[in-house]
Amino acid sequence: MQQALGKQDITILADRGYDDSTSFKTVHQAGVTAIVPKIRTSANRKKGLFTKEDFVYNKEKDVYECPAGKDIPFSFVSTDKGKPLRAYMSVMTCKGCTMKSRCTTSPAVRRIRRLDDEEHVERVAQAYKNMPNAMILRHRSVEHPFGTIKQWAGTQQLLTRTLKHVKTEVSLQVLAYNFKRMMNIMGVSGLISAMKT
Ligand code: SF4
């Protein structure tokens, strides 16, 4: 991507639903900043309980700092869809906590789960916090071409099949969109002279 754009410092914006820790890791390893809002589906939030966002991960100590200011230590590893999932919990710490009714419906303990590559999810969340208008920008930049190209394609949508051919077809549609857009903005003669220079 950097090579195609001739730029190393790249930020990508994606819509809700494209949040996946493995993809984030790949993007970060390529030196790209990703901004993706999270879908908030926490059952605890609906119940009015503390959510995971109320717990702060401390990498040095490998603990979660809970809303009561206690350190919740690492306890065990399980797997979720083949990915290692670390559990943080402490029966002793939660025992007798005055905030327990706001924290968990479990009689014993609050458990926090953490993916192995969750630091990439946190990095994306922080990038989104640093750029709160990111989704407005994404909407303004992407929805216009997307809607226009879909309108041009009509009900047929795509004429080709298989990823390779669909990629080619979509690339041609995008190229046509870009030319039309430049002609609208610069005029035909303006575009021709810009291309000559
Ligand atoms: S119940 Fe446990 S995790 Fe929750 S606030 Fe109290 S000590 Fe912290």
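The values are calculated or read from the model by the stated rules, or taken from the named source; none is laboratory data. This one's a predicted model, so the numbers in the text were calculated from it and none came from an experiment. Here the Cβ positions follow ideal geometry from the backbone for every residue, glycine too, while neighbour counts run over all protein chains shown. With ligands, DNA and RNA removed, areas are computed over all heavy atoms of the protein, side chains included. Shrake-Rupley method; radii C 1.70, N 1.55, O 1.52, S 1.80 Å.
Odds and ends about this structure:
- Which listed residue is of a type in the set (D, E, K, R) and under 26 Å from the mean Cα position of the chain (by Cα), from Lys81, Lys70: Lys81
- Per-region count, the range 25-38, residues open to solvent by less than 60 Å² (accessible area, probe 1.4 Å) and either free of Cβ contacts under 8 Å to residues at least 12 places away in the same chain or out of contact with any strand residue (DSSP E or B) (no Cβ under 9 Å at 6 or more places or on another chain) (or both): 1
- Selected residue (only one of Val56, Val63, Val91 is of a type in the set (Val, Ile, Thr), under 16 Å from Leu115 (Cα atoms) and free of Cβ contacts under 8 Å to residues at least 24 places away in the same chain): Val56
- Residue among Arg86, Arg16 that alone is away from the ligand (no atom under 16 Å from the Cβ), free of Cβ contacts under 8 Å to residues at least 60 places away in the same chain and either part of a loop (DSSP other than H, G, I, E, B) or surrounded by 13 or more Cβ atoms within 10 Å (Cβ to Cβ) (or both): Arg16
- All strands (runs of 3 or more DSSP E) inside the range 25-73 with 1 or more residues being more than 19 Å from Ala87 (Cα to Cα): 32-35
- Conditions (1) at pLDDT 95 or above; (2) closer than 30 Å to Lys81 by Cβ; number of the one not met by Thr168: (2)
- Pair list, Cβ < 9 Å and 6+ apart or interchain, from the range 152-178 residues that are assigned by TED's automatic domain parsing to the domain that holds Val188 and within 22 Å of Leu191 (Cβ to Cβ) to residues that are assigned to a helix (DSSP H, G or I) and open to solvent by 90 Å² or more (accessible area, probe 1.4 Å): Gln173/Trp152; Ala176/Trp152; Tyr177/Trp152
- The one condition from (1) surrounded by 11 or more Cβ atoms within 10 Å (Cβ to Cβ); (2) more than 9 Å from the ligand (Cβ to nearest atom); (3) within 23 Å of His28 (Cβ to Cβ) that Thr105 does not meet is (3).
- Given (1) surrounded by 12 or more Cβ atoms within 10 Å (Cβ to Cβ); (2) more than 28 Å from Ile10 (Cβ to Cβ); (3) not hydroxyl-bearing (Ser, Thr, Tyr), index of the condition Asp117 fails: (2)
- Residues (of a type in the set (S, T, N, Q) and in a loop (DSSP other than H, G, I, E, B)) located in the range 89-118: Ser90, Thr98, Thr104, Thr105, Ser106
- Some residue of the range 39-46 being of a type in the set (Ser, Thr, Tyr), surrounded by fewer than 16 Cβ atoms within 10 Å (Cβ to Cβ) and under 20 Å from the mean Cα position of the chain (by Cα): yes
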